[in-house]
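Engineer: Got a structure here, written out as structure tokens. Questions coming.
The values are calculated or read from the model by the stated rules, or taken from the named source; none is laboratory data. The shown structure was predicted, so the numbers you read here are calculated from the model rather than taken from an experiment. For neighbour counting, all protein chains shown are included, and Cβ atoms are generated from backbone atoms with ideal geometry for every residue, glycine included. Accessible surface is based on the protein model in full, side chains and every heavy atom, while ligands, DNA and RNA are left aside. Shrake-Rupley method; radii C 1.70, N 1.55, O 1.52, S 1.80 Å.
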Amino acid sequence: MIKFRTRLLFALIMLIFIVLIGLGLLLGQLFKGYYIDSFDGRMKQETKLVSTYIQDTGGIGHISKDRLNDFSDTLSSRITILGNKGDIIYDSGALENTSNKRHDSVLQSIFENQLEKEDEIIEVGGGYNLHYYWDEITINGETEGIIVLSTKLTEIKNAYEQIWWILTVSLGIALFVIILLGYKITTMYTKPIESATNVAIELAKGNYRARTYEDHADETGMLSSSINVLARNLQELMKSKEIQQDRLGTLIENMGSGLILIDSRGYINLVNRTYKEIFQVESNEYLEKLYYEVIDQKDICDLIEEIFMTEHKIRKQLIVPVGIERRHFEVYGVPIIGLNDVWKGILLVFHDITEIKKLEQMRKDFVANVSHELKTPITSIKGFSETLLDGAMEDKQTLEAFLTIILKESDRLQTLIQDLLDLSKMEKQGFQLSIQKIDIVAVLHEVLPILAGKALEKKIDLQFEAEQEAIFVEGDVYRLKQVFINLITNAISYTPEGGTVKVEVRERTSKIRIKVIDRGIGIERKEIPRIFERFYRVDRARSRNSGGTGLGLAIVKHLIEAHKGNIRVESKVGRGTTFIIELLKEIPK
């Protein structure tokens, strides 16, 4: 694209060039006409002078050829005298590069009065212009002949060439000066325009940091100032827009719910990160594709179609299969309607309420289990008490047996309530441990004798193995004893008579590992994830007969997690179970 400055300068130069050429031609013609008129006047006077000289000397008969030759040389002219009959009486001789034949023809025309006296004859011969001037020679009122002067226009030609040379140089210098000044003037006035144009182009490309110079106080300066104000406003608007887009993008990508945006034609325009993580999909699988081609869940497609048809917002709870599990979602769909009721699409938000549903089910199970666990001892206590009141207390043996059962059920009820209180206390946010440096080997040496009697009743071999005599960790000694008593008690309870229960302690770089191993009935693989739930029992009859409340492992899990440790289970049905506890040597503050 030719720049505006170049086009303006070219047009200005062409205009000035044409004006200068026209001025040169006009001046040349004026100077040429002036010199020719001056030359003609001088030659006429010289012709008259020579004619007067001849008349003063007595006429043609008394002329001096030498004198006339001097006149011819002085005037640089050819002098020819014609007699009354047209004969040539005197001729100073032909001029250089002129034709005598043509000269004679002109003389004959003059003599025959074919040309008026005031006329002049211009002869072009040999590349030169010739002018002829004549006058009558009169003596005493009678014409003796005609004197003719012919001369070349060499002087005029030389002067004309000199004039043109001077005009060319002058006009050339003037043109150069005008071009230089024109360039500077056009640059001065067009540079702000070009700068403003470049800035406008950059703004159109999206570069809102571009600025132009503000050097003048005239209209171009106002234009530059206005462009800069526009650029600053656009930059601020874009910065504000980018901030809003970043905030919106961050909000959409990091919101806890899945989001999907569908346009009015049914094509998916946006899928956020949470949606992709929930449904395990990629953006390129969804974007710019029809929703019913990529969404496999029929319930979701039906919901979208319902919104398209009714144009009303809808909220539904759906069970959607994701991978190998079924998850609960509360789906909120809303139509997007712009200005003038223009339909723009649909927005769907997926709230994952699977955990809430699980918690609700756990709450229901907890209420049912608590009710059941409390009902059983209370029913026993009530039943035996009523029996005693009805007269059985008279029998001392029966009275002692019934009171023993009532005491046992009361102890069971007390243990259950204490476990519930402990579990509730652990789940509170402010629950704290009494952390101190303890010898885990010494703690286990204190726990094992407490359970040795129970193991002996079932003839179970209770073993203990430690790599070192003392292994120190940070922890709450009372709570860790509670953990080990629960785990070892469970191991003894679920191990057949004559079996083995083993406790191992191993030290690692930054942690210790405790294993409680039994050779009992084992746990089925599908039940392992649930054994830490409240009141969950693998073998309900065996667990209840052992006096357990169903809260032991839930308490164990909470206490281990409070120590920043972890617990896991390895088990095979019929071969036994291993509980593995890992505790940090130093608990992070």
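Engineer: Can you give the convex hull volume of the alpha carbon atoms of segment 43-84 per residue, in Å³?
Structural biologist: Cα-based convex hull of segment 43-84, divided per residue, equals 70 Å³.
Engineer: How high is the relative contact order of segment 397-525? Use alpha-carbon pairs under 8 Å, at least six apart in sequence, and give a whole percent.
Structural biologist: Values: 140 pairs, mean separation 29.6, N = 129.
So the answer I get is 23 percent.
Engineer: Can you sort GLU136, GLU507 by solvent-accessible area, 1.4 Å probe, largest first? Mind showing how you got there, number by number?
Structural biologist: Values: GLU136 90, GLU507 55 Å².
Greatest to least solvent exposure: GLU136, GLU507.
Engineer: Determine the gain in length on full extension of the stretch GLN162-GLN436; use 0.36 nm per residue of separation and subtract their C-alpha separation, reporting nm with one decimal.
Structural biologist: On the way: separation 274, 0.36 × 274 = 98.64 nm, distance 11.99 nm.
Fully extending the segment from GLN162 to GLN436 adds 86.7 nm.
Engineer: Another question, then. Amide H neighbours of GLY266 under 5 Å, counting only residues 5+ apart in sequence or on other chains, H built in-plane at 1.01 Å?
Structural biologist: none
Engineer: What are the trypsin sites (Lys or Arg not before Pro) within segment 309-405 that DSSP puts in a loop, where the Cβ has at most 12 other Cβ atoms within 10 Å? Kindly include the intermediate steps, with their values, before the conclusion.
Structural biologist: Numbers: sites: LYS313, ARG315, LYS316, ARG326, ARG327, LYS344, LYS357, LYS358, ARG363, LYS364, LYS375, LYS382, LYS396; in loops: LYS313.
Taking segment 309-405 and a limit of 12 other Cβ atoms within 10 Å, the loop trypsin sites (Lys or Arg not before Pro) found are LYS313.
Engineer: Where only protein heavy atoms count, and the probe is 1.4 Å, what is the accessible area per residue for segment 388-507 in Å²?
Structural biologist: Roughly 58 Å² per residue, with all protein chains present.
Engineer: Still on this structure: Can you check what the net charge comes to around GLY383, using other residues whose Cβ is under 14 Å from the Cβ of GLY383 (Lys, Arg +1; Asp, Glu -1)? Show your work: numbers first, answer last.
Structural biologist: Working: positive: LYS375, LYS382, LYS408; negative: GLU386, ASP390, GLU409.
Here the charged neighbours net out to 0.
Engineer: Here's something else I'd like to know. Classify segment 234-344 as rounded, prolate or oblate, taking a ≥ b ≥ c as the square roots of the eigenvalues of its Cα gyration tensor: rounded when a/c is under 1.5, otherwise prolate if a/b is larger than b/c and oblate if not. Intermediate results must be reported in sequence, preceding the final value.
Structural biologist: On the way: a/c = 2.00, a/b = 1.36, b/c = 1.47.
Oblate shape, in that a/c is at least 1.5 and b/c is the bigger or equal ratio.
Engineer: Which option, (i) 28.4, 93; (ii) 31.3, 133; (iii) 63.9, 207, is the value of Rg and Dmax of the Cα atoms in Å that was calculated from these coordinates?
Structural biologist: Answer label, from the structure shown: (iii).
Engineer: Quickly work out the LEU399-to-ARG575 label distance, labels modelled 7 Å from Cα along the C-beta direction, and quote it in nm with one decimal.
Structural biologist: My value for the distance between the label points is 5.6 nm.
Engineer: How many nm is it between the label spots at LYS408 and GLN280, if each spot is 7 Å from the Cα in line with the beta carbon?
Structural biologist: Result: 5.0 nm between the two label points.
Engineer: If you don't mind, another one. How high is the FRET efficiency between LYS564 and LYS316 when r is their beta carbon distance and R₀ equals 35 Å, given to the nearest 0.05? Write out the running numbers ahead of the final one.
Structural biologist: Values: r = 41 Å, r/R0 = 1.18.
Given R0 = 35 Å and the Cβ-Cβ separation, E is 0.25.
Engineer: Let me ask another. Can you give the extra length, in nm with one decimal, that the chain gains between LEU339 and LYS241 once fully stretched, where that is 0.36 nm per residue apart less the Cα-Cα distance?
Structural biologist: On the way: separation 98, 0.36 × 98 = 35.28 nm, distance 2.04 nm.
Fully extending the segment from LEU339 to LYS241 adds 33.2 nm.
Engineer: Please list 438-448, 243-253 highest first by mean number of surrounding beta-carbon atoms within 10 Å per residue.
Structural biologist: 438-448, 243-253
Engineer: How much of the accessible area of the chain, probe 1.4 Å, is carbon plus sulfur, in whole percent?
Structural biologist: Numbers: 19270 of 35410 Å².
C and S fraction of accessible area: 54 percent.
Engineer: When all protein chains stay in place, what accessible area (Å², nearest 10, 1.4 Å probe) is found for TRP164?
Structural biologist: 70
Engineer: Next up: How large is ³J(HN,Hα) for each residue in segment 56-71, as worked out from phi by the Karplus curve 6.51 cos²θ - 1.76 cosθ + 1.60 (θ = phi - 60°), to whole Hz, x for Gly and Pro?
Structural biologist: Going residue by residue, I get 6, 7, x, x, 5, x, 10, 5, 10, 4, 5, 5, 5, 5, 4, 4 Hz, with x marking Gly and Pro.
Engineer: In whole angstrom, how far apart do the alpha carbon centroids of segment 26-52 and segment 487-537 sit?
Structural biologist: 141
Engineer: Quick one: Karplus J couplings for segment 478-490, per residue in order, coefficients 6.51, -1.76, 1.60, θ = phi - 60°, nearest Hz, x for Gly and Pro?
Structural biologist: For segment 478-490, the Karplus-derived couplings read 5, 5, 5, 4, 4, 4, 5, 4, 4, 5, 5, 4, 4 Hz, x marking Gly and Pro.
Engineer: Let a ≥ b ≥ c be the square roots of the eigenvalues of the Cα gyration tensor of segment 225-278; is it rounded (a/c under 1.5), or, if not, prolate (a/b larger than b/c) or oblate?
Structural biologist: In terms of gyration-tensor shape, oblate.
Engineer: Ranked from the most accessible area to the least, with a 1.4 Å probe and all protein chains present, what is the order of ILE185, ILE146?
Structural biologist: Numbers: ILE185 90, ILE146 20 Å².
Descending order: ILE185, ILE146.
Engineer: Could you please state, rounded to a whole Å, how far the C-alpha centre of segment 149-198 is from the C-alpha centre of segment 56-80?
Structural biologist: If you average the Cα positions of each part, the centres end up 48 Å apart.
Engineer: While we're here: Relative to the longest principal Cα axis of the chain, at what angle does helix 396-427 sit, 0 to 90 degrees, rounded to 10?
Structural biologist: With both axes taken from Cα atoms, the answer is about 10 degrees.
Engineer: Something else about it: Could you name the lysines in cross-link range of LYS184, using Cα to Cα under 16 Å and dropping any fewer than eight places away on the same chain?
Structural biologist: Correct list for LYS184: LYS3.
Engineer: THR354 to GLU142: extension gain in nm, 0.36 nm per residue of separation minus the Cα-Cα distance?
Structural biologist: Details: separation 212, 0.36 × 212 = 76.32 nm, distance 14.76 nm.
Residue separation times 0.36 nm, minus the Cα-Cα distance, leaves 61.6 nm.
Engineer: Any idea what angle helix 354-389 forms with the longest principal axis of the chain, computed on alpha-carbon atoms, 0 to 90 degrees, nearest 10?
Structural biologist: Orientation of helix 354-389: about 10 degrees from the principal axis.
Engineer: Could you tell me the accessible area of GLU293 in Å² (1.4 Å probe, neighbours in place), rounded to the nearest ten?
Structural biologist: Result for GLU293: roughly 120 Å² accessible.
Engineer: Distance in nm between label sites at GLU325 and MET362, each 7 Å beyond Cα in the beta-carbon direction?
Structural biologist: Between GLU325 and MET362, the label points sit 1.2 nm apart.
Engineer: Right, something else. Calculate, for segment 170-305, the solvent-accessible area per residue in square angstrom, rolling a 1.4 angstrom probe over the heavy atoms of the protein chains. Intermediate values should be presented prior to the final figure.
Structural biologist: Numbers: 8540 Å² over 136 residues.
With all protein chains present, segment 170-305 gives 63 Å² per residue.
Engineer: With runs of 4+ DSSP H residues as the only contributors, calculate the mean residue ellipticity of the chain at 222 nm using -39,500 (n - 2.57) per run, divided by the residue total and rounded to the nearest 500.
Structural biologist: -18500 deg cm²/dmol
Engineer: On a 0 to 90° scale, report how tilted helix 552-562 is relative to the longest principal axis of the chain, with both axes built from alpha carbons and the result rounded to the nearest 10.
Structural biologist: The angle comes out at about 40 degrees.
Engineer: Would you list, by chain and number, the lysines whose Cα falls below 21 Å from the Cα of LYS454, excluding same-chain residues fewer than 8 positions away?
Structural biologist: Partners found: LYS408, LYS481, LYS502, LYS515.
Engineer: Shifting gears a bit: So, taking all protein chains as they sit and a 1.4 Å probe, how much accessible area belongs to GLU305, in Å² rounded to tens?
Structural biologist: Result for GLU305: roughly 80 Å² accessible.
Engineer: Please give the FRET efficiency for GLU194 paired with TYR292, using the beta carbon to beta carbon distance and R0 = 56 Å, rounded to the nearest 0.05. Numbers along the way, then the final one.
Structural biologist: Details: r = 55 Å, r/R0 = 0.99.
The calculated FRET efficiency here is 0.50.
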